[in-house]
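Taking it in order: structure first as structure tokens, then the write-up.
A short reminder: the numbers here are calculations on the coordinates, not readings from a lab. Small disclaimer: the values here were computed from a predicted structure and weren't measured. FYI the Cβ positions are ideal-geometry reconstructions off the backbone, even for glycines, and counts take in every protein chain you see.
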Amino acid sequence: MHEGSIAQNLLTIALEKAKEYKANTITLIRVKIGEFTGVNQAALEFAFNNFSQGTIAEEASLKIILSPLLGKCRECNKIFEIKKDHFICSKCQSLEIDIISGEDLYIEDIEIE
Ligand SMILES: [Zn+2]
């Protein structure tokens with residue numbers, strides 16, 4: 001994972017959103033990061049703080065929310081949290097599992113003034 005380019009993307013999206021709402025300042029950006037994306041949070045925050053200098057997001061804090069890896073069983077449709085590469089249904093022990101979240105990264109919302 002390249003935290004630098006992720007930070008740049010997040011910033012671009014946040015700035016576009018802020019423009020849409022004619023905001024003067026972005027105060028907070030909530031980012032949802034899948035536990036399995038392997039993103040280094042400290043590196044991401046550091047990169048974000050660098051890129052945001054001189055923009056309306058320079059005072060914004062980045063709030064990172066880790067989302068767990070969720071799987072859905074193809075046999076019994078149970079949705080469950082996958083722990084440490086344990087790709088097996090917690091109800092019927094099936095190995096037929098679809099990953100439904102935990103590998104993604106997106107902005108949940110931003111707070112503006
Ligand atoms: Zn199952």
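Where does each of 70-76, 35-41 land if you order them by average Cβ count within 10 Å, highest first?
Numbers: 70-76: 16.3, 35-41: 14.4.
Per-residue mean Cβ counts within 10 Å order the peptides as 70-76, 35-41.
When only Cα pairs below 8 angstrom with a gap of at least 6 residues are kept, the chain shows a relative contact order of 36 percent.
Tell me, rounded to the nearest percent, the portion of alpha carbon pairs in the chain spaced more than 20 Å apart. Before the final figure, lay out the partial values.
Values: 3034 of 6328 pairs.
Value for the chain: 48 percent of Cα pairs lie more than 20 Å apart.
Note on segment 14-113: with charges restricted to the Cβ of Lys and Arg (+1) and Asp and Glu (-1), its dipole about the Cα centre is near 300 debye.
Of the residues 52, 41, 71, the one whose Cα sits farthest towards the positive end of the charge dipole of segment 31-83 is 71 (charges of +1 on Lys and Arg Cβ, -1 on Asp and Glu Cβ, taken about the Cα centre).
Mind sorting 85, 109 by how few other Cβ atoms lie within 10 Å of their own Cβ, fewest first? All intermediate terms of the calculation are to be shown ahead of the outcome.
Details: 85 8, 109 13.
Listing 85, 109 from fewest to most nearby Cβ atoms yields 85, 109.
Under the combined filter of DSSP loop state and at most 14 neighbouring Cβ atoms within 10 Å, segment 13-44 retains these trypsin sites (Lys or Arg not before Pro): 22.
Bridgeable lysines around residue 91 (alpha carbons under 27 Å apart, same-chain partners fewer than 8 residues away excluded): 72, 78, 83. Against the main long axis of the alpha-carbon atoms of the chain, helix 41-51 sits at an angle near 30°.
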